[in-house]
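First up is the structure itself, then whatever we jot down about it.
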Amino acid sequence: MRTALTGRPGIGKTTLCLKVYQALKSKIKISGFITTEERDKGVRIGFKLIDLASNRSAQLAKVGKGRVMVGKYEVLVENLDNFLRDLEMDGDLVIIDEIGPMELKSKKFVSFVENLLERENLLFTIHYKTNHPLIEKIRNSFNVYVIDEKNRDSVTEEIVKIYARDRR
């Protein structure tokens, strides 16, 4: 099963991925990463990548000016590239949260995800509006859920059942 989640920012895509991870981690091996917000006094100041297998983290972006920008954030492409180099991808389920404008600034990231597309048992989050060719490829070849306040809990339950069933 190849599943992609999309929806507006802050709707709960990362939370959904974490709930799937928590529900399945004792049953199957899960690899991949999530992207979390970094906040200071309630204000978002950046984004951090967290490896689900090792809990290793790397800063993806921070507020500021730099060579590679997405909105008000400097994207730390070298950090992302180094993070990917050390990421083990041997799980029965691979979670990638997120494939969006910041991550797509890295050619290594694009190649990394394209290589994963040959596999089954993938759970990705994809940016809601980005029309990058890689995201379009995922939209056309994955089962895509548009997450909202009404369906996010039922989608979580459905995805957990699907991946738990696939491993029996």
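Readers should treat all values here as calculations from the given coordinates under stated rules, not as data from a laboratory. Every value quoted in this text rests on a predicted model; they were computed, and no experiment measured them. Quick reminder, even Gly has a Cβ in these numbers, built from the backbone with ideal geometry, and neighbours come from all protein chains shown.
When a/c reaches 1.5 or more, the comparison of a/b and b/c decides; with that in mind, is region 112-152 rounded, prolate or oblate per its Cα gyration tensor?
oblate
Can you say what percent of the DSSP beta bridges in the chain, counting only those with both residues inside, are antiparallel? Round to 5.
Of the beta bridges lying entirely in the chain, close to 50 percent run antiparallel.
Long-range amide H contacts for Ile45: which residues qualify at under 5 Å (H placed 1.01 Å from N, peptide plane, sequence gap of 5 or more or a different chain)?
Glu38, Arg39, Asp40
Near Lys27, which lysines are there with a Cα under 18 Å away, not counting those fewer than 8 places off in the same chain?
Excluding near neighbours in sequence, the set is Lys19, Lys161.
Under the 0.36 nm per residue contour assumption, what length would be gained going from the current alpha-carbon distance of Leu117 and Arg44 to full extension?
23.1 nm
List the residues whose amide H sits under 5 Å from the amide H of Ile99, counting only those 5 or more places along or on another chain, with H placed 1.01 Å from N in the peptide plane.
Amide H neighbours of Ile99: Thr125, Ile126, His127.
Along each principal axis of its Cα atoms, how long is region 68-119 end to end? Whole angstroms, biggest number first, please.
Taking the Cα atoms of region 68-119, the three principal extents are 36, 18, 15 Å.
Give the residue list of GluC sites (Glu not before Pro) in region 123-158 that are DSSP loop and have at most 13 other beta-carbon atoms within 10 angstrom.
Glu149
Okay, helix-only estimate at 222 nm for the chain: each DSSP H run of n ≥ 4 adds -39500 (n - 2.57), divide by all residues, round to 500 deg cm²/dmol; what do you get?
The helix-only estimate for the chain comes to -10000 deg cm²/dmol at 222 nm.
Residue by residue through region 120-125, what is 3J(HN,Hα) from phi via Karplus (6.51 cos²θ - 1.76 cosθ + 1.60, θ = phi - 60°)? Round to whole Hz and write x for glycine and proline.
With the stated coefficients, region 120-125 comes to 9, 6, 10, 10, 10, 10 Hz.
Rounded, prolate or oblate: pick one for region 64-151, where a ≥ b ≥ c are the square roots of the eigenvalues of its C-alpha gyration tensor, a/c under 1.5 means rounded, and failing that, prolate if a/b is larger than b/c, else oblate.
oblate
Let a ≥ b ≥ c be the square roots of the eigenvalues of the Cα gyration tensor of region 1-45; is it rounded (a/c under 1.5), or, if not, prolate (a/b larger than b/c) or oblate?
It comes out prolate by the Cα gyration axes.
Give me the angle, in degrees from 0 to 90, between the Cα long axis of helix 107-116 and the longest principal axis of the Cα atoms of the chain, rounded to the nearest 10.
0 degrees
Show which lysines lie in cross-link reach of Lys108 when reach means a straight Cα distance below 24 angstrom and same-chain residues fewer than eight apart are skipped.
Straight-line reach from Lys108, under 24 Å: Lys13, Lys48, Lys62, Lys65, Lys72, Lys129, Lys137.
Would you mind checking which residues have amide H under 5 Å from Leu52's amide H? H placed 1.01 Å from N; only 5 or more apart, or other chain.
Gly32, Phe33, Ile34
Please work out the ratio of the alpha-carbon Rg of region 1-77 to 2.2 N^0.38 Å and round it to two decimals.
Output field value: 1.25.
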